[in-house]
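The values are calculated or read from the model by the stated rules, or taken from the named source; none is laboratory data. These numbers come from a predicted model, not from an experiment. Virtual Cβ from ideal backbone geometry, glycine too; neighbours counted across all protein chains shown.
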Amino acid sequence: MTEQLKVDDKTRRNQRELRVGTVVAKSGDKSIRVQYDYIVRHPKYGKYLRRRTTLCTHDGQNQAGVGDLVEVMSCRRMSKTKCWVLKRVVRTAK
């Protein structure tokens, strides 16, 4: 029973946040900026609002280009602003 709990704790700890977004800038070697959109509900009025966030992402193999749809995963902090890493390119831009 205790072994099962240890395995469950470890797999839960290794799960990372995933986001799917669009590459909006290729800023230097091995770095991209990914923008992802989401919808939140206004707490008082109930209207749905569109929001966006730009993530500084590490692209170790320089495989993503501007306009690509990519999946990024959270990781340890690599610099002051970069704490996401490119997981895969979902769809390339035309």
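Couple of notes before you dig in:
- Filter pass, THR81 being closer than 18 Å to LEU18 by Cβ and among the β-branched types (Val, Ile, Thr): no
- Only one entry in LEU86, LEU55 is assigned to a strand (DSSP E or B) and touching a His at 6+ places or on another chain (Cβ under 8 Å), namely LEU86.
- Just one of the listed residues (GLY60, GLY67) is modelled with pLDDT of 95 or more and among the small types (Gly, Ala, Ser), namely GLY67.
- Residues in the range 43-52 that are part of a loop (DSSP other than H, G, I, E, B) and either closer than 17 Å to ALA25 by Cβ or touching a strand residue (DSSP E or B) at 6+ places or on another chain (Cβ under 9 Å) (or both): LYS47 only.
- Across the range 54-80, the qualifying residues are those that are more than 13 Å from the chain's Cα centre (by Cα) and surrounded by 12 or more Cβ atoms within 10 Å (Cβ to Cβ), and the one among them that is farthest from ALA25 (Cα to Cα) is MET78.
- Look at the range 32-43: where a residue is at pLDDT below 95 and among the aromatic types (Phe, Trp, Tyr), no partner that is surrounded by 10 or more Cβ atoms within 10 Å (Cβ to Cβ) and not in a strand (DSSP E or B) sits 6+ places away or on another chain with Cβ atoms under 9 Å.
- Tabulated pairs, the range 47-68, first more than 18 Å from ALA93 (Cβ to Cβ), second not in a strand (DSSP E or B), C-beta under 7 angstrom, 6+ apart or interchain: LEU49/HIS42; CYS56/THR81; CYS56/LYS82; HIS58/LYS30; HIS58/MET78; HIS58/LYS82; GLY60/LYS30
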